[in-house]
Amino acid sequence: MSLRTRLLLTLGLTLALLWSMAAAWLMRDLEAQFVETLDQRLAQSARMVAGLMAQLPEEVWLEADQRALSIPPIEGLACQVHSPRGEIMARTHTNLETILAAGERGHAYREENGVTWRVFTYERGGLTITTADRMDERNQLLAEVFKVAVVPFAVALLGSMVALWFGVVRGLAPLSRLRRSLGRRHAEALAPLPTRGLPRELRPLVETLNGLLARIEEAIQREQRFTNDAAHEFKTPLTAIKTHLQVAQRV
């Protein structure tokens, strides 16, 4: 595995892990705030209904039938009002008596026919107001929020990977140039490599290579001098032998 590939994998996986952890932390915090906001919406709706009921004359809502005090359905929200005697005074849905039944004050979860509801019960002036919304609608809305929130993280992660790739390629460019320079050299080329313009981290390596080239060149020069001297030493005895042979042939 090349150094470039190793760097890209190591740094890329590290960036992906960090971005994933940040995204998970944000999503968890976002979900908690989302649930809290919707719970507050339930509570505020119950208090608003209690305030409206308190403004009606007592004889009106004591004598009114269910149709007269039927609350117009609110999108994504159900509501039911009970009198101090437990009778239903007003409601938005006629098929949710079990879900909207008066219970303990505060938030709770209730389930009917496989559908889970988030419920809030509030008491004021003897009246019990229960509001509820469906958990599947909450989850669907939360999923939409997550999709919107994930897009910036995905774009940021992709941008980080692209920037990382360009950064690694650019950072290793001097090393690539050095490799190409060494590859183009002939075997006899022992001139020192240029250090001008090299990053500070590569200069010790190039200086070491230049020192090695200088020692190789010196060793080659010593071998050449030894060869020349040896040739000269062998040349004199050979000449003498040749002279004696020529004299012997004449005799």
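Side notes on the structure shown:
- Residue selected from region 24-80 under the condition among the aromatic types (Phe, Trp, Tyr) and modelled with pLDDT of 75 or more, by the criterion surrounded by the fewest Cβ atoms within 10 Å (Cβ to Cβ): 25
- Looking only at region 168-192, residues that are more than 30 Å from residue 216 (Cβ to Cβ) and surrounded by 15 or more Cβ atoms within 10 Å (Cβ to Cβ) come to 1 in all.
- Condition check for residue 101: outside any loop (DSSP other than H, G, I, E, B) and either at pLDDT below 80 or surrounded by 12 or more Cβ atoms within 10 Å (Cβ to Cβ) (or both): no
A quick yes/no check of all residues on (1) surrounded by fewer than 16 Cβ atoms within 10 Å (Cβ to Cβ); (2) outside the structural domain of residue 37 (by TED's automatic domain parsing); (3) under 36 Å from the mean Cα position of the chain (by Cα); (4) hydrophobic (A, V, I, L, M, F, W, C):
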| residue | (1), (2), (3), (4) |
| --- | --- |
| 84 | yes, no, no, no |
| 89 | no, no, no, yes |
| 109 | yes, no, yes, no |
| 118 | no, no, yes, no |
| 122 | no, no, no, no |
| 126 | yes, no, no, no |
| 145 | yes, no, yes, yes |
| 159 | yes, yes, yes, no |
| 166 | yes, yes, yes, yes |
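The values are calculated or read from the model by the stated rules, or taken from the named source; none is laboratory data. All figures in this text were calculated on a predicted structure; none of them were measured in a lab. Ideal geometry is used to build each Cβ from the backbone, glycine not excepted, and the neighbour counts take in all protein chains shown.
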